[in-house]
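Some notes on the structure that comes next.
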Amino acid sequence: MDMVAGKVKMTQQSVKSAMNPTDMLERPIRLTARDVTVHYGAKQALHGISIDIPDRAVTSFIGPSGCGKSTFLRCINRMNDTIEGAKVGGTIKLDGEDIYDPSLDVVELRARIGMVFQKPNPFPKSIYENVAYGPRIHGLARSKADMDEIVVSSLRKAGLFEEVKDRLNEPGTGLSGGQQQRLCIARAIAVGPEVILMDEPCSALDPIATAIIEELIDELRENYTIVIVTHSMQQAARVSQKTAFFHLGNLIEEGVTEDIFTNPVNKQTQDYIMGRIG
Amino acid sequence: MTDTLSTTRQASLDRTQRIRAGLRRRHLGETIFRGLGLAAIVLALGFVALLFVDVVRKGVPAFTQSNLHLAVTFDPELLKVDPAPVRDAFASQAEYTAASLKWQRDVAMLNWNKVVEASLRAAAPADVEIDSRQILTIAETDARHDIREMFVADPSLLGQTVEVDVLASANAANWIKGNIDRSLGDAQQQLSAPARALIDAFVENGTISNGFAWSIFTNVDSRAAPASAGLLGAFVGTVWMMLIVIILAVPIGVAAAVYLEEFAPRSRWTDLIEVNINNLAAVPSIVFGLLGAAVFINYLHLPISAPIVGGLVLTLMTLPTIIIATRGALQGVSPALRQAALGMGASRTQMVFHHVLPVTFPSILTATIIGVAQALGETAPLLLIGMKAFVASVPLTPLDQATALPVQIYLWQGNENRNFFEPRTAAAIMVLLAVMILLNGVAIYLRSRLEKRA
Amino acid sequence: MNALIVAGLLLVLLGVAYQSGWSRSRGLVTADGVNIHSRPQYHGSFVAIWAMVPALVILGLWAWFGGGLTRDYTVSLIPTDIMTSLDQVGLNAAIARIGALASGYGVTGESPAWEQAAGGALRSFQMLTFVGVLVLALVAGGAALIYARSRIDARLRARNAVERVVNLALLACSAVAILTTVGIVASLVTEAFRFFTFIHPFDFFFGTVWNPNNAGSAGNWGSYGLLPLLVGTLMITAIAMLVAVPVGLMAAIYLSQYAPPQLRAVAKPMIEILAGIPTIVFGFFALVTVGPFLRDMGNLVGLSINATSALTAGIVMGIMIIPFVSSLSDDILNQVPRTLRDGAYGLGATQSETIRNVLLPAALPGIVGAFLLAVSRAIGETMIVVLAAGNAPVLRGNPFEPVATITVSIVNQLTGDTDFTGPQSLVGFALGLTLFVITLGLNIVALYIVRRFREQYE
């Protein structure tokens, strides 16, 4: 318990120390979105979102529920394709390549842009098979040994290996909530994505599990571009370098996290951060 | 730093390459899988279409019947009988009744086939050579009864000639409609060559014409005169059974569902009832037939072959359907409505009967109709309680001998005169399906009406 | 006629009782200032229930014991010298003749004087008892009415009393389901045990020859081996499953995962139409269309296929079960949470990979349950096999040959014949018991699996 508490404390310190606005802004842009709109049937959910996502940093989307932050996140790896009646407009480019280009294969796109969901959703398979699933369908492992290595290194990167190394063949659904979520992160990492989208990854977890995941996100930032949707302003402040505030389907304000929280330009942002809307 | 960056870039490119290599194969798999799904749908729908087309194609011809228009002469030479007694000639009613019964017996003893034969010969072309037995195979055997009854009803017909329509025999109808292969040799034909030639001549000269087969709807089953066999008896038998099912299964089923859902304390006992109901819904129907034979007929001595027994058996079969559907409807009622009613000071019983049940009425109604439609087509249990007996009368009460529509289908498909009865069986199936579609249509219509109003 | 009179009088009693309770209650209302516990309708119902119960009890007792009493009385009318000359059958005939005379229909043949006299006596006895019982019932009902009415006052908790009765009535209705099961089990078990007094259970369950001697008598009953029927049943069921499971499951997958909404709106009810078609119709279809078609196809490829065979019956039964499998599978697939699908899509799985690797394994227990329910339905299906399986109870494994099943043999041995005296008809119950146990076992396992599956994702 003490150790975990220490971890939490350490996490906060390490995150704080890593928050260097200028460092963040010098990073190249990985994703650009221009005038993105989403319609569900006749209802418009997003009104012309334009934003740049920096490489190998954590960008967080905040805002009250129903503000469109998750909808926008799901546009980035075209998860909205699986929802009947959803129509996406505008352009989103990954490394200058339009991801809504008809010639682009959505399967390939999703291998490059992984996703972690709100509720931990391990497949009803063993821990090993959960992680191996992505590499297997994409044909990434040449041999069994290759696959073993991918699984172990992914579990390690997700900080789960030490906890589960003796029971890789047990069902993934038997893990605790926080472990399940880290398994899902390992599963996403195993495919070797460049971008990882996280849709409120801690909302179903207790505070201790949340702290562990937050620490993990901070570590992953070294190698991955991470976009995280969160309803917790504290979390955004702790883990992200860039923050965007959404309200009623509009992107109200974006910028360096520290600036957004200490010195918001927009009145609505200010109200939200002060807890007057939410 | 740049070094590591370029190696990760390289690894990423490598990965992309490998993913791309597998894409074609994976998308092909996707297309095949999707195609299989579509094929399954097409196959399933194809079966529906095939079945309906097949039944209709086979059944439609049976809705036309071949009528013989005959000029029947009540020839005194052939009908040697005393004049009918008149009431005035007798002292008492009893004597008159006795005399009139004796006269009717005498009339029945006359050879009415001669009358039928004479009228057939009268309609035939002059040069036809055919013997009596052969010519009589053209008209349905009950023609002579119809003509005799005309005479009994009006004895003054003696010596007169009347236009009468009688049915052509089943074999003649087969020949006319081509139900039997016309090129078959004499040995395989059911009618003799002269009879077949005469039928063609009759069609030629208009003595035989085809009309809509009302007899299917207005007649009861008949073995002696297959061409006149109809569904009326079976239909009425089915109506009796459905009435019994509705009268018994709906109140009991709804009451049981209300009890289990609203009043019963959660206990082992109600768990048992619940498991029991789910299992009853899946018990093969023939087992209910065994129950009916052993309990209702053998133990309680209810009349065999009677709609009352069939109705009771079908009630027990339908109960689980109605209970399960009603419980589903009750579970769907919003707790807000319940709390509102209880909050107003209504007792639990009042809440259920005044507020909850009325809301679920459309669902209960639909479930009832669907349950009844299911019971309507049930055949196997009815065979075991004797409802496959040949019954040539309309059951006037639920205690009379009767059969039912699906059983009539079973009986007809087993008739030896396949050429005639295969279309007629298909026609009976069309009637049964029409009733079921009608019932389901009513259910859908009522539900949409009632739900809109609610 | 009598039933109508009784029903009419009971209705009158009901109306009078309700009215009297109701009006008395209204009387309380006018006596101002009193806080009345229940509304007038409840007082009316309260009195009505009180009045109906004794009347119905008396009528019920008569319905139960009246027949026996009448019979005893009829027997007592037969002169002793004739009585001694009658055996059991003769006695029954005599009782029937006296009954017919009493009802006024008359009897065929000569009727001796004593018979006429007995008929007359029975007639007046029936008249007297009918009127007597009816009057007794009405008097008892009336007395209860007056008593109940006298109990009505402002504090009487009539509503609670009425609701208790309503509750009891509801409980009784739900007990009907239990009684049905008890009735099924009791009748199957007792009659099957009677069968086993003729034929040893071992010879039944493990016998390989089915050849009942329907005209046989003691010592020459014929053979009643279950195995040929069981093999026939299982063969047809297996063929049916081979047709129904792939088609039904793929149809469910396509409809729930791929089909555009318009197609789903049309196709789903169309497939469900298949489920509503009576089995006799499928039987006819199998007999006149599918069977001959299969035979001709067999001839084309040089296979000898009978028009009525296990194959014909199995294929058509499979068609019948398609909607059953597809709607159950559809339900189950929809129970799998969306987040699991999203997880697979998020990794870049194609739709079919998601379905095959994630959705189906997750839904597997539920689908197995659905499969078992379908098997149980196929095993118990009767009319298709009666018409299309060819009824040849021979132990063999060729699906192109005619076979017989358990259900077919029940129908053959038990069509309306209810003098359950020999093994020829009693075997129907032994077969029914076998069928019931098999299907019950499958259902219980299947329902258990499906329930566990639902709980897993709730």
*Quick one: B:Thr360 ticks every box in (1) in contact (Cβ under 8 Å) with a residue 60 or more places away in the chain; (2) more than 10 Å from every other protein chain (Cβ to nearest Cβ) except a single one, so which number is it?*
(1)
_Quick test of your reading of the structure: B:His355 fulfils all but one of (1) within 11 Å of another protein chain (Cβ to nearest Cβ); (2) crowded, with 17+ Cβ neighbours inside 10 Å; (3) over 24 Å from C:Phe284 (Cβ atoms). Name the failing condition by number._
(1)
*Within segment B:394-412, can one find any residue that is over 16 Å from the mean Cα position of the chain (by Cα) and more than 22 Å from B:Leu243 (Cβ to Cβ)?*
no
*asked:* Which residue is least open to solvent (accessible area, probe 1.4 Å), if the candidates are limited to segment A:71-105 and must be out of contact with any Gly (no Cβ under 9 Å at 6 or more places or on another chain) and of a type in the set (Ser, Thr, Tyr)?
replied: A:Thr82
_Residues satisfying the stated conditions in segment B:22-56, i.e. among the β-branched types (Val, Ile, Thr), at the interface with chain C (Cβ under 7 Å from one of its Cβ atoms) and open to solvent by 80 Å² or more (accessible area, probe 1.4 Å)_ = none
*Just need a number here: residues in segment B:125-147 that are of a type in the set (A, V, I, L, M, F, W, C) and either over 39 Å from the mean Cα position of the chain (by Cα) or not assigned by TED's automatic domain parsing to the domain that holds B:Ala195 (or both).*
3
*Please indicate, with yes or no, whether at least one residue in segment C:371-385 is in the same structural domain as C:Asn306 (by TED's automatic domain parsing), under 14 Å from C:Ile236 (Cβ atoms), touching a Phe, Trp or Tyr at 6+ places or on another chain (Cβ under 7 Å) and small (Gly, Ala, Ser).*
yes
*Return yes when B:Glu163 is in a helix (DSSP H, G or I), farther than 27 Å from B:Phe421 by Cβ and open to solvent by 80 Å² or more (accessible area, probe 1.4 Å) and no when it is not.*
no
*Which residues, counting only those in segment B:133-160, are within 18 Å of B:Ile199 (Cβ to Cβ) and open to solvent by 40 Å² or more (accessible area, probe 1.4 Å)?*
B:Arg133, B:Leu136, B:Thr137, B:Thr141
*Residue selected from segment B:426-443 under the condition within 9 Å of chain C (Cβ to nearest Cβ) and β-branched (Val, Ile, Thr), by the criterion most open to solvent (accessible area, probe 1.4 Å)*: B:Ile437
*Name the residues in segment B:198-224 that are outside any loop (DSSP other than H, G, I, E, B), in contact with a Gly (Cβ under 7 Å, 6 or more places away or on another chain) and open to solvent by less than 50 Å² (accessible area, probe 1.4 Å), would you?*
B:Ser215, B:Ile216
*Just wondering, is there one or more residues in segment C:291-303 that are more than 10 Å from chain B (Cβ to nearest Cβ), touching a residue at least 12 places away in the same chain (Cβ under 8 Å), buried (at least 22 other Cβ atoms within 10 Å of the Cβ) and within 32 Å of the chain's Cα centre (by Cα)?*
yes
*Give the residues of segment C:330-339 that are open to solvent by 10 Å² or more (accessible area, probe 1.4 Å) and either within 13 Å of C:Val450 (Cβ to Cβ) or at the interface with another protein chain (Cβ under 7 Å from one of its Cβ atoms) (or both), sorted by residue number.*
C:Asp331, C:Gln335, C:Thr339
*When segment C:267-289 is examined, which residues are found to be more than 9 Å from chain B (Cβ to nearest Cβ), among the aliphatic types (A, V, I, L, M) and over 23 Å from the mean Cα position of the chain (by Cα)?*
C:Ala286
*Please state which one of B:Ala257, B:Ala294, B:Ala195 is more than 9 Å from every other protein chain (Cβ to nearest Cβ) and either open to solvent by 10 Å² or more (accessible area, probe 1.4 Å) or among the hydrophobic types (A, V, I, L, M, F, W, C) (or both).*
B:Ala195
_Please count how many residues of segment A:133-152 are farther than 21 Å from C:Ala349 by Cβ, in contact with a Phe, Trp or Tyr (Cβ under 9 Å, 6 or more places away or on another chain) and not aliphatic (A, V, I, L, M)._
1
_Selected residue [of a type outside the set (Asp, Glu) and open to solvent by 10 Å² or more (accessible area, probe 1.4 Å)] from B:Pro303, B:Pro307_ = B:Pro303
*Collect the residues in segment B:102-112 that are open to solvent by 50 Å² or more (accessible area, probe 1.4 Å) and either under 39 Å from the mean Cα position of the chain (by Cα) or under 30 Å from B:Glu204 (Cβ atoms) (or both), keeping them in residue-number order.*
B:Gln104, B:Arg105, B:Met109, B:Asn111
*For segment C:419-443, name all the residues that are open to solvent by less than 30 Å² (accessible area, probe 1.4 Å) and under 18 Å from the mean Cα position of the chain (by Cα).*
C:Gly428, C:Phe429, C:Ala430, C:Leu431, C:Gly432, C:Thr434, C:Leu435, C:Phe436, C:Thr439, C:Asn443
_Test of understanding: among A:Ala236, A:Ala188, which residue is touching a residue at least 12 places away in the same chain (Cβ under 8 Å), assigned to a helix (DSSP H, G or I), more than 30 Å from A:Thr269 (Cα to Cα) and not acidic (Asp, Glu)?_
A:Ala188
_Within segment C:386-418, tally of residues that are under 20 Å from the mean Cα position of the chain (by Cα) and in contact (Cβ under 8 Å) with a residue 24 or more places away in the chain_ = 8
*For residues that are assigned to a loop (DSSP other than H, G, I, E, B) and closer than 20 Å to C:Thr279 by Cα, scanning just segment C:353-403, find the one that is farthest from the other protein chains (Cβ to nearest Cβ).*
C:Pro402
_Filter segment B:234-253 down to the residues that are away from chain C (no Cβ under 14 Å) and open to solvent by 20 Å² or more (accessible area, probe 1.4 Å) and list them by number._
B:Phe235, B:Val236, B:Val239, B:Trp240, B:Leu243, B:Ile244, B:Ile246
*What residue, of B:Ile286, B:Ile308, B:Ile324, is at the interface with chain C (Cβ under 9 Å from one of its Cβ atoms) and aliphatic (A, V, I, L, M)?*
B:Ile286
*So how many residues does segment C:425-458 have that are in contact (Cβ under 8 Å) with a residue 12 or more places away in the chain and within 14 Å of C:Ile379 (Cβ to Cβ)?*
12
*Among all residue pairs at least 6 apart or on different chains, which show Cβ distances below 6 Å where the first residue, located in segment B:289-310, is on the phi > 0 side of the Ramachandran plot and the second is surrounded by 24 or more Cβ atoms within 10 Å (Cβ to Cβ)?*
B:Ser305/B:Met387
*Being within 16 Å of B:Leu405 (Cβ to Cβ) and outside any helix (DSSP H, G or I) is the filter here, so list the residues in segment B:225-252 that pass it.*
B:Ala229, B:Gly230, B:Leu231
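The values are calculated or read from the model by the stated rules, or taken from the named source; none is laboratory data. What you see is a predicted model, and the numbers here were worked out from it, not measured in a lab. Cβ: placed from backbone, ideal geometry, glycine included. Neighbour counts: every protein chain shown. Protein only, heavy atoms only, side chains kept; ligands, DNA and RNA dropped before computing areas. Shrake-Rupley method; radii C 1.70, N 1.55, O 1.52, S 1.80 Å.
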